[in-house]
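First up is the structure itself, then whatever we jot down about it.
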2 protein chains.
Amino acid sequence: MPQQDRAYATREAILHAAAEEFDRLGYERTSLTAVLARAGLTKGAFYFHFASKEAVASALIDRQSELWTQVRETWRARGVDPLSALHGMFAESADRMAADVVLRAGVRLAADREIGYPGVPSTHIMWEKLIASYVVEAGERGDLRPGVDPDAVARTLCGAALGARLISSATTACADFPARIREVLGYVLPCVAAPEWKLSGSQNTADGVTEA
Amino acid sequence: MPQQDRAYATREAILHAAAEEFDRLGYERTSLTAVLARAGLTKGAFYFHFASKEAVASALIDRQSELWTQVRETWRARGVDPLSALHGMFAESADRMAADVVLRAGVRLAADREIGYPGVPSTHIMWEKLIASYVVEAGERGDLRPGVDPDAVARTLCGAALGARLISSATTACADFPARIREVLGYVLPCVAAPEWKLSGSQNTADGVTEA
């Protein structure tokens, strides 16, 4: 393996080992010693790539943030209606998180920095605004029931996704997160969408991709 | 003040001061020194009432647990239909938590012990089972839409309530929790209840008590 590839592989091994620990224990309780033992690396190898535990955590947070941008752009490019895009993004995010500990750890770290301590939870506010913008757009197309409040729908979905992830993580290491997210969508979207609205686009499922 | 009343008042002052800290910072980051400073008490006064920080936390957890039993029994005694009782219990719980830091801290402590760390989250599983039993009962009375899965409804509501509490706590110290819980109920129950079902019973609101 050329030296550059080896360096890349080591960096990925550190990120993966750290993600395993962060995902289970959160930032505070994760020890660098446990991460190194899991990755089979020395402190020297670690510090060649990252300045601190905080730096690995930031790399994981950045990675999940980049992925969400990519998921949003993919759904935007598919040209489906806003509520179907919302459904697709939620379901795809849950599928990816159940399958990928690196992503899951990044999401947990981003949320844990904000939830549970005083301060402004900018990530959740950003998500609420983003979801609300899809619901507003759905309203402009006539896809909503009368009286639906886009901000209230956004708060409901955002909170429900957070709670589902936390309970799913504590009970099944997020294995049932895809099913829980689809339950949330199944018991909220029919109250939001006009009776004529139909789910469209390729909707990922835990088993693969299904044309809805 | 008789000695017994004074002892009771001191114990309550400790619980309240500890609740203020636990509610903001969680168990780990709360220091006994900050609790004592807030209550204006010495370590001696504290240890007369509680053996440790852990003991105060347990007292707060027990207190919220007793209150939920009481809220459940009150709604049971009102003789309203199961979905209305579920709505009433959720709304009343949110109102009480927004108004009472002692209760809020107990709820946070109980949840934080389970959420975020590996293990069995018995409180959330207990809540999911309890909510499911109300939905099953609603089904037996013909109050559900066809195809509604009581366990899925319970998972959705339980997760949505947890997420709503965490985001509300991080953004408004739970001031908007009553409104968020009502939004959740408003966007979930119509997908669950048969079109003929109507909310009944005295439904508490953030402003007082309203006959629905």
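The values are calculated or read from the model by the stated rules, or taken from the named source; none is laboratory data. This one's a predicted model, so the numbers in the text were calculated from it and none came from an experiment. Reconstructed Cβ throughout: ideal geometry from the backbone, glycine too, with neighbour counts over all protein chains shown.
Mind checking whether some residue in segment B:87-98 is of a type in the set (Lys, Arg) and surrounded by 13 or more Cβ atoms within 10 Å (Cβ to Cβ)?
Filtering segment B:87-98 for residues of a type in the set (Lys, Arg) gives B:96.
Those still in the list that are surrounded by 13 or more Cβ atoms within 10 Å (Cβ to Cβ) too: B:96.
Yes, that holds for at least one residue.
Condition (residue is modelled with pLDDT of 95 or more, part of a helix (DSSP H, G or I), under 24 Å from residue A:171 (Cβ atoms) and not hydrophobic (A, V, I, L, M, F, W, C)) applied to segment B:109-117: is it met by at least one residue?
no
I'd like the full set of residues that are more than 7 Å from chain A (Cβ to nearest Cβ) and either under 17 Å from residue A:152 (Cα atoms) or not in a helix (DSSP H, G or I) (or both), limited to segment B:142-160.
Residues satisfying the conditions are B:142, B:143, B:144, B:145, B:146, B:147, B:148, B:149, B:157.
When residues of segment B:170-181 are filtered for being of a type outside the set (Val, Ile, Thr), more than 9 Å from every other protein chain (Cβ to nearest Cβ) and assigned to a helix (DSSP H, G or I), how many remain? Lay out the reasoning, then the answer.
Initial filter on segment B:170-181 (of a type outside the set (Val, Ile, Thr)): B:170, B:173-180.
From what is left, the residues that are more than 9 Å from every other protein chain (Cβ to nearest Cβ) are B:174-175, B:177-178.
From the residues that got through so far, the ones that are assigned to a helix (DSSP H, G or I) too are B:177-178.
Residues that pass the stated criteria total 2.
Among the residues of segment B:158-172, count how many are in contact with a Leu (Cβ under 8 Å, 6 or more places away or on another chain) and more than 17 Å from residue A:188 (Cβ to Cβ). Even if it seems obvious, please write down each step before you answer.
Kept after step one, since they are in contact with a Leu (Cβ under 8 Å, 6 or more places away or on another chain), are these residues of segment B:158-172: B:159, B:162-163, B:166-167.
Those left that are additionally more than 17 Å from residue A:188 (Cβ to Cβ): B:166.
Selection size over segment B:158-172: 1.
Among the residues of segment B:76-86, is any crowded, with 23+ Cβ neighbours inside 10 Å, in contact with a His (Cβ under 6 Å, 6 or more places away or on another chain) and either more than 14 Å from chain A (Cβ to nearest Cβ) or in a helix (DSSP H, G or I) (or both)?
No, segment B:76-86 contains no residue that is crowded, with 23+ Cβ neighbours inside 10 Å, in contact with a His (Cβ under 6 Å, 6 or more places away or on another chain) and either more than 14 Å from chain A (Cβ to nearest Cβ) or in a helix (DSSP H, G or I) (or both).
Do the conditions hold for residue B:167, that is, is it out of contact with any strand residue (DSSP E or B) (no Cβ under 9 Å at 6 or more places or on another chain), surrounded by 22 or more Cβ atoms within 10 Å (Cβ to Cβ) and in a helix (DSSP H, G or I)? Spell out how you get there, then give the answer.
On the way: out of contact with any strand residue (DSSP E or B) (no Cβ under 9 Å at 6 or more places or on another chain): yes; surrounded by 22 or more Cβ atoms within 10 Å (Cβ to Cβ): yes; in a helix (DSSP H, G or I): yes.
Taking the combined requirement at face value, the residue satisfies it.
Say we look at segment A:139-157 and pick out the residues that are buried (at least 24 other Cβ atoms within 10 Å of the Cβ) and of a type outside the set (S, T, N, Q); which of these is nearest to residue B:187 (Cα to Cα)? Spell out the reasoning first.
Step one: of segment A:139-157, the residues buried (at least 24 other Cβ atoms within 10 Å of the Cβ) are A:153, A:155-157.
Filter once more, keeping what is of a type outside the set (S, T, N, Q): A:153, A:155, A:157.
Details: A:153: 7, A:155: 11, A:157: 10 Å.
Of everything passing the filter in segment A:139-157, A:153 is nearest to residue B:187 (Cα to Cα).
Among the numbered criteria (1) more than 16 Å from residue B:103 (Cβ to Cβ); (2) loosely packed, with under 14 Cβ neighbours inside 10 Å; (3) charged (D, E, K, R), which one does residue B:12 miss?
Condition not satisfied by residue B:12: (1).
Go through segment A:91-109 and give me each residue that's farther than 15 Å from residue A:16 by Cα and within 13 Å of chain B (Cβ to nearest Cβ).
Scanning segment A:91-109 gives a single hit, A:94.
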